[in-house]
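The values are calculated or read from the model by the stated rules, or taken from the named source; none is laboratory data. These numbers were taken from a predicted model, which means no experiment stands behind them. Here Cβ is always computed from backbone atoms with ideal geometry, including for glycine, and neighbour counts include all displayed protein chains. With ligands, DNA and RNA removed, areas are computed over all heavy atoms of the protein, side chains included. Shrake-Rupley method; radii C 1.70, N 1.55, O 1.52, S 1.80 Å.
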Amino acid sequence: MNKSKGINTICTHVGELEDKEFKGAVSPLYMSTSYAFEDVETKRYPRYFNTPNQVALAKKMAALEHGEASLIFGSGMAAVSTSLMAFLRAGEHVVFQDSLYGGTSNLATEEFDKFGIEYTFAKDAQAESLNDEIKENTKVIYIETPSNPLLGITDLEAVAKLAKEYEVVSMIDNTFASPVNQNPIDFGIDVVIHSATKYMGGHSDILAGTVISSEENIERIFQMAKNFGGSLSDYTVWLLERSIKTMGIRVKAQNENAMKLAEFLNSHPEVSRVYYPGLKNHPNHELATRQMKGFGGMLSFELNEKIDASAFMKALQLIKPSMSLAGVESTILLPSKTSHGLLSEEGRIKQGIKDNLLRFSVGIEEVEDLIEDLKQAIDRTK
Ligand SMILES: *Cc1c(COP(=O)(O)O)cnc(C)c1O
């Protein structure tokens, strides 16, 4: 039933709680942490992911990603760490693509040794490179597409095929695309993770995460999740449900703005390179067209060497510097100094992150105003 509905209908209606008492238009909020005891199996408790608001929002998440079931977490990293740990034990191995979200690579490099979990970062994000790193004890292949900050695209179908061939679980961090632009389960990927802090929340005021998969996989992740204790407060669950109602129209507006801004930057003489999967000159443009419904609101670009990127950022008036992304407001950052600042210079060069690379999270403002802001900042700093 959910699958046949369009994205905006799912965003608005699936997983609503009916206000039976007053017939209000929005879902009632149930903040109880204590419910009448019925029997051991059905006891409700927020850390068991089974309060009315948690269950309702999980239905919306599952519908959005064409999965069977879902869990809502207190952060994107809670969703990432719990999902990975649910499928890995001591002596087992996970293959990551390169260019992962910093928090995810830190999880592996700083924590996995303690649990005896082995990991390898493939040399890039191509299915063949992931294939090269698969070992006897590999249990999970983990990807992120489009990637941060260079918007690289990984072939979902090829990765799903690889995972089936080796009987391992395929996982994706689908945060950058959002469920509006990409539904990896349709291509055979097993487990889909989002930092709901980003496009799902969309207003830079919610920290949350989610994982969507089959009933069986979600049950397995749940068994770990209730022990790790990373569930989301019902109040924030309620806010997140409200935010998702407008996710379809927000993200489509961001897609449109990003396309126009990518074209503007691409033709600007003071811009040396633009990374956006919607541009024909993007190395994976065709692949992106095959597996994405929209190219997303994230893009990156490099200014000509003589422009100081920090000065350019300071000269912007409308577009604000910010670490996070995916809000309705446009924001920009210098990955070399922020999100990827902990990497060595060598590490950054290896990932293709130049010192003057700017990552742009495109908002829903009028695109003419955004173009004007970029233009005046370039003119003042060139
Ligand atoms: C922000 C982000 C995360 C982590 O999410 P939190 O909600 O900050 O814990 C994971 N993956 C990607 C791609 C992100 O952008």
Subject >> Nearest 10 degrees, 0 to 90: helix 234-244 Cα axis against the chain principal axis >> reply: 50
Original post:
How long are the three semi-axes of the equivalent ellipsoid for the chain, computed from the Cα gyration tensor as the root of 5 times each eigenvalue, in whole Å, largest first?
Top reply: 34, 26, 18
Original post:
So how do 96-102, 292-298 stack up, highest first, on mean other-Cβ count within 10 Å?
Top reply: 292-298, 96-102
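Carbon and sulfur: what percent of the chain's accessible surface (1.4 Å probe)?
Carbon-and-sulfur percentage of accessible area, whole number: 51.
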Original post:
Against the longest principal axis of the chain, how steep is helix 367-381, in degrees 0 to 90 to the nearest 10, with axes from Cα atoms?
Top reply: 50
Original post:
Tell me, how many Å apart are the Cα centres for region 290-356 and for region 48-90?
Top reply: 30
Subject >> Charge dipole of the chain about the Cα centre (unit charges at C-beta), most positive-ward option of PHE112, ASN266, MET292 >> reply: ASN266
Original post:
So what's the angle, to the nearest 10 degrees on a 0 to 90 scale, between helix 52-64 and the longest Cα principal axis of the chain?
Top reply: 50
Original post:
How large is the charge dipole for region 310-373, taken about the Cα centre, if only the Cβ atoms of Lys, Arg (+1) and Asp, Glu (-1) carry charge, to the nearest 20 debye?
Top reply: 500
Subject >> Translational D in µm²/s for region 19-100 (Stokes-Einstein at 25 °C, 0.890 mPa s, Kirkwood Rh from C-alpha pairs) >> reply: 156
Subject >> Where Rh is the Kirkwood radius over Cα pairs, Rg/Rh for region 247-381 >> reply: 0.95
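Order of 210-217, 276-283, 18-25 by packing, highest average Cβ count within 10 Å first?
210-217, 276-283, 18-25
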Subject >> Counted charge near LEU240, where neighbours are those whose Cβ lies closer than 14 Å (Asp, Glu -1; Lys, Arg +1) >> reply: +2
Subject >> Within the chain: Cβ-based charge dipole about Cα centre, in debye rounded to nearest 20 (Lys, Arg +1; Asp, Glu -1) >> reply: 600
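Cross-link list LYS43/LYS114; LYS23/LYS60; LYS260/LYS280; LYS245/LYS375: which exceed 22 angstrom alpha carbon to alpha carbon?
Those over the limit are LYS43/LYS114; LYS245/LYS375.
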Original post:
For ARG242 and ARG380 in one chain, what is 0.36 nm times their gap in residues minus the Cα-Cα distance, to one decimal in nm?
Top reply: 45.6 nm
**OP:** For every helix of n ≥ 4 consecutive DSSP H residues, a contribution of -39,500 (n - 2.57) applies; sum these over the chain, divide by its total residues, and give [θ] at 222 nm rounded to the nearest 500 deg cm²/dmol.
**Re:** -10500 deg cm²/dmol
